[in-house]
Amino acid sequence: MKGRVHSIQTLGTVDGPGIRAVVFMQGCPLRCVYCHNPDTWDKAGGDEVTSESVAKKILRLKNFYLKGGVTVSGGEPLMQGAFVKDLFEIMHENGLHTALDTSGVGTDENIELALKHTDLVLCDLKFPTDALYRAHTGASLKSVLAFLEKAADKNIPLWIRHVVVPGLTDSEESISEIVRIAKSFHTLQKIELLPFKKMCLSKYEKLSIPFPLVNTPECGKDIIERLERLL
Ligand code: SF4
């Protein structure tokens, strides 16, 4: 199966349990204000590759991934459900754990395909209301919740991730609502708060795209520690 891939990270340690290969898919329909990967947005960008060739690259380091696994991230992997399905199927044939790191926005068909061989869903629950979600990502929270219900119906374990942006998503009310939504899924295993950083600035400059949060301060450890107490 052919697909478009932005890059492959070897020996990743932050996108799921253990040491993992992380495949960043090309193309994303969202425009999150804090996105740190604007170079993955263009669905015609990246490289055209086959799921078999990506699997081959990953399996060269298979011994490192036996206690971790493989994560497909993006961009938005739900734009290329058939590719994810094929890649994860090969990973399962080789005894490797699979994780889908997604916003949860995709067509029903792509969601069904992508979840077919997914062992763990990592979902970035970005904003707690539909109005905020639409205003700051261009997508609908309702479609994310529908995705999470589908994954829960299949009993796929869930990690919710949430980017903490000072002045935008760091209020206790906002975090409490994110936690309430996360806990409504029986498959929830973990909630991760991720600090907003601005290491992406040079990418925006290179692409000549204005970064909407250029004047927003980065999120410090103290804010994360304070909010983690709410979890
Ligand atoms: S879903 Fe991810 S890649 Fe897409 S715009 Fe949002 S943060 Fe960026």
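Computed quantities for the displayed model
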quantity: Filtered residue count, segment 106-132, keeping only those that are closer than 19 Å to Gly81 by Cβ, open to solvent by 10 Å² or more (accessible area, probe 1.4 Å) and either within 16 Å of the ligand (Cβ to nearest atom) or of a type in the set (A, V, I, L, M, F, W, C) (or both); calculated: 5
quantity: Residue count for segment 72-94, restricted to those that are over 14 Å from Thr118 (Cβ atoms) and more than 16 Å from the ligand (Cβ to nearest atom); calculated: 2
quantity: Residue match in segment 46-66 (condition: within 16 Å of the ligand (Cβ to nearest atom), at negative phi, of a type outside the set (Val, Ile, Thr) and modelled with pLDDT of 95 or more); calculated: no
quantity: The one condition in (1) over 17 Å from Ile19 (Cα atoms); (2) over 18 Å from the mean Cα position of the chain (by Cα); (3) among the β-branched types (Val, Ile, Thr) that Val105 fails to fulfil; calculated: (2)
quantity: Number of the exception - Phe196 against (1) over 29 Å from Phe88 (Cβ atoms); (2) open to solvent by 40 Å² or more (accessible area, probe 1.4 Å); (3) of a type outside the set (A, V, I, L, M); (4) within 13 Å of the ligand (Cβ to nearest atom); calculated: (2)
quantity: Tally of residues being assigned to a helix (DSSP H, G or I), open to solvent by less than 70 Å² (accessible area, probe 1.4 Å) and not polar (S, T, N, Q) across segment 133-151; calculated: 10
quantity: Residues of segment 16-28 satisfying the condition of being of a type outside the set (A, V, I, L, M, F, W, C), farther than 15 Å from His6 by Cβ and either surrounded by fewer than 22 Cβ atoms within 10 Å (Cβ to Cβ) or within 13 Å of the ligand (Cβ to nearest atom) (or both); calculated: Pro17, Gly18
quantity: Lone qualifier among Asp101, Asp42, Asp86 - being charged (D, E, K, R), free of Cβ contacts under 8 Å to residues at least 60 places away in the same chain and within 30 Å of Thr137 (Cα to Cα); calculated: Asp42
quantity: Residue that is farthest from Thr216 (Cα to Cα), among those in segment 34-45 that are near the ligand (Cβ under 9 Å from one of its atoms) and in contact with a Leu (Cβ under 7 Å, 6 or more places away or on another chain); calculated: Pro38
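The values are calculated or read from the model by the stated rules, or taken from the named source; none is laboratory data. Worth saying up front: this structure is predicted, and the values here are computed from it rather than measured. Every residue, glycine as well, gets a Cβ built from its backbone with ideal geometry; the counts of neighbours run over all protein chains shown. When the accessible area is computed, the model is the full protein with side chains, heavy atoms only, and any ligands, DNA or RNA have been set aside. Shrake-Rupley method; radii C 1.70, N 1.55, O 1.52, S 1.80 Å.
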